[in-house]
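Following this message is one structure expressed as structure tokens.
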Amino acid sequence: DGGITQSPKYLFRKEGQNVTLSCEQNLNHDAMYWYRQDPGQGLRLIYYSQIVNDFQKGDIAEGYSVSREKKESFPLTVTSAQKNPTAFYLCASSIGAGGSSYNEQFFGPGTRLTVL
Amino acid sequence: QKEVEQDPGPLSVPEGAIVSLNCTYSNSAFQYFMWYRQYSRKGPELLMYTYSSGNKEDGRFTAQVDKSSKYISLFIRDSQPSDSATYLCAIPAIKAAGNKLTFGGGTRVLVKP
């Protein structure tokens, strides 16, 4: 089955620790995205990548870092510099990014991060 | 002003009722309009999308766009308990790099049997 997997489903971390969230897709999509979701605030874009070895900051990139070494993988690191990291993190992918029409984004199941 | 605004609800309706959901947006250049459905603790899934103004129907779901008012709507007819979810409107900035989506805050819907 093609799709997007995120692991782990639940993650707990102590203040001051970095943590990496995994996102893998087997849809052969070029573009991948990371969003953060807080209650009542919808989804906010953290980082996105249009192609391997390239990525851009979204609207709330401070305190986060990403890499895109493989087409299938787009891990997100939540660093200790992120002041309010407790949230639901969603990864998405699309065939392409940009152009004259919209390319549907497909979402993974999410990772709920709690900072203790 | 936020680019996309949506009433957070919750919206509680009896089974079989019509559910009416709305979003307003600020940028008149937007062309595509999407509705995502998100079940609790799951990722969103695309429900419908429309291009420019007008209506689009898919089974029990109807999406409407009124570009003159910058207003988009989603109607669910004959609502079922399985429709209980959060509904998010989203608008892509297709002329900007990255195929980026701007989401409304989501409206939580509860359909009671």
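The values are calculated or read from the model by the stated rules, or taken from the named source; none is laboratory data. Since the model is a prediction, treat every value here as computed from it, not as a measurement. A quick note on method: Cβ atoms are made from the backbone with ideal geometry, for glycine too, and the neighbour counts reach across all protein chains shown.
Identify the residue in the stretch B:1-49 that is within 11 Å of another protein chain (Cβ to nearest Cβ) and among the hydroxyl-bearing types (Ser, Thr, Tyr) and, among all such residues, is nearest to the chain's Cα centre (by Cα).
Residue satisfying both the conditions and the ranking: B:Tyr36.
What about A:Arg13, is it modelled with pLDDT under 95 and either under 23 Å from A:Leu116 (Cα atoms) or not small (Gly, Ala, Ser) (or both)?
yes
I need a count of the residues in the stretch A:1-46 that are touching a strand residue (DSSP E or B) at 6+ places or on another chain (Cβ under 6 Å), away from chain B (no Cβ under 11 Å) and of a type in the set (Gly, Ala, Ser).
Result for the stretch A:1-46: 2.
Within the stretch B:6-80, considering only strands (runs of 3 or more DSSP E) that don't extend past its boundaries, which have at least 3 residues that are surrounded by 14 or more Cβ atoms within 10 Å (Cβ to Cβ)?
The strands (runs of 3 or more DSSP E) meeting that bar are B:19-25, B:32-38, B:45-51, B:61-66, B:71-76.
So A:Asn103 passes all but one of these: (1) under 14 Å from the mean Cα position of the chain (by Cα); (2) within 10 Å of another protein chain (Cβ to nearest Cβ). Which condition number does it fail?
(1)
Give me the pairs, please: first residue somewhere in the stretch A:1-23 and surrounded by fewer than 11 Cβ atoms within 10 Å (Cβ to Cβ), second residue anywhere and assigned to a loop (DSSP other than H, G, I, E, B), beta-carbon distance under 8 Å, and either six or more positions apart or on two chains.
Note: pairs meeting the criteria are A:Gly2/A:Asn26; A:Gly2/A:Leu27; A:Lys9/A:Pro109; A:Lys9/A:Gly110; A:Lys14/A:Leu116; A:Glu15/A:Ser80; A:Glu15/A:Leu116; A:Gly16/A:Ser80.
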